[in-house]
Structures are given as C-alpha cells and as structure tokens.
1. Could you give the accessible area per residue of the chain, probe 1.4 Å, as a whole number in Å²?
2. Using +1 on the beta carbon of Lys and Arg, -1 on that of Asp and Glu, and nothing else charged, what's the dipole of the chain about the Cα centre, debye to 20?
3. How much of Val60 can a 1.4 Å solvent probe reach, expressed as accessible area in Å² and rounded to 10?
4. Compute the distance in nm between two label points, each set 7 Å from the Cα along the Cα-to-Cβ direction, one at Leu100 and one at Leu148.
5. In whole Hz and in residue order, list the ³J(HN,Hα) couplings for the range 64-69 that follow from phi through the Karplus curve 6.51 cos²θ - 1.76 cosθ + 1.60, θ = phi - 60°; x for Gly and Pro.
6. So who's got an amide H within less than 5 Å of the one on Arg77, skipping anything under 5 residues away but keeping other chains? H placed 1.01 Å off N, in plane.
7. Rounded to the nearest 10 Å², what accessible area does Val66 have for a 1.4 Å probe in the complete protein model?
8. In percent, how large is the relative contact order of the chain, given Cα pairs closer than 8 Å and 6 or more residues apart?
Amino acid sequence: MLKRLFDILASLVGLLILSPVLLVLAVLVSLDSPGPVFYRATRAGQYGQPFKLLKFRSMVVNADKVGPGVTGADDPRITRMGHFLRRTKLDELPQLINVLRGEMSIVGPRPEDPRYVARYTDEQRQVLNARPGITSPASVAFRHEESLLTGDDWETHYIEQILPAKLAVDLEYVH
C-alpha cells in the first residue's frame, strides 16, 4: 500500500513538473515523422494481464508489424527523433500515466511483450507477480541493451542470451 501511494504521488508530481518537457517532446515527435505522438505497446503486466504501455513514438508507423519485437542498434525503423528519445530514455516518460493508472510502478520488473512472456519458464513467470516498473535493476544493468543487439538475427540473441539474464536480475528483485 505504501509503495502504491509513493507511485501515485511520484507520478503526479513527475507529470506536473515535466509537463512542459512532455509538450515539447510531443511537438518534436509529431514534426519529425508522420503518425501518432504516442506508441501504445501491448505488454504483460502484473499476473500476466495485458495492458497498453505508453511511450513517445520513436519508430516509423507500424514498425512492430514489419520487424522483430526488439530493437537493435542499427534498426532502420527508428526515426531521427527516436534515436535521441531512446538514447536519453525520454521516450519512457509517458509511462508515468501507466503508473498513475495502476498498471505500472516506478520500480519493478520491466513489462515484456506477450510473445516473449509466452517463452518464460515457470520460474521466470514469477516476475509477473510484481507490478511492472518504469525502471528495474535489470533495466539499469542493461541500459545499453540496443548496442548488444547487433548482426542479422538480434531477436534470437535477445531471446537466448539477454532476456534470460534480465529475468534473472528481475527475479532477484522480486524475491
């Protein structure tokens, strides 16, 4: 209960203080490439319940339909503004709205695409017992994840190497 109260207060204060920055970023995203300002990604939330994670759009429209679910270092689907947003992690700021709605927490395992959650082992599924977060120990440890995803088949590398390592860190946090 105390963590939820903190999440509500922190997200409200964050949204109020950052509203000028959010407005400027929204305008820049809309000027950079055609399409909506926000990207609504389906993610597995607490107990595996799907929800729409909000981000500033950093890729071309329909990028999720023309490529892998993870983004590599040289992914041509990333827009000019998207490179900046991803490098600075500013694309994540709209998730404060997800926190306010109760779909996410400030700190918790990062929510994952359901197609990757379907591959979790029973042990790995324990991360779904926690409310997903904007940040987590794994997201700090893998803050340069895109730079690790190079080559022709970065999605396989993500599934076989990076995802299990991230889940191990997040499982430690959950326990």
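The values are calculated or read from the model by the stated rules, or taken from the named source; none is laboratory data. Please read all numbers here as calculations on a predicted model, not as lab measurements. Because the Cβ atoms are built from the backbone with ideal geometry, glycine has one as well, and the counts that use them run over all protein chains shown. Just the protein is used for accessible areas: all its heavy atoms, side chains included, with ligands, DNA and RNA removed. Shrake-Rupley method; radii C 1.70, N 1.55, O 1.52, S 1.80 Å.
1. On a per-residue basis, the chain sits at 55 Å².
2. Once rounded to the nearest 20, the dipole reads 680 debye.
3. Only protein atoms counted, so the area is about 70 Å².
4. 3.3 nm
5. 5, 9, 10, x, x, x
6. HN-HN under 5 Å from Arg77: empty list.
7. 110 Å²
8. Relative contact order, the chain: 24 percent.
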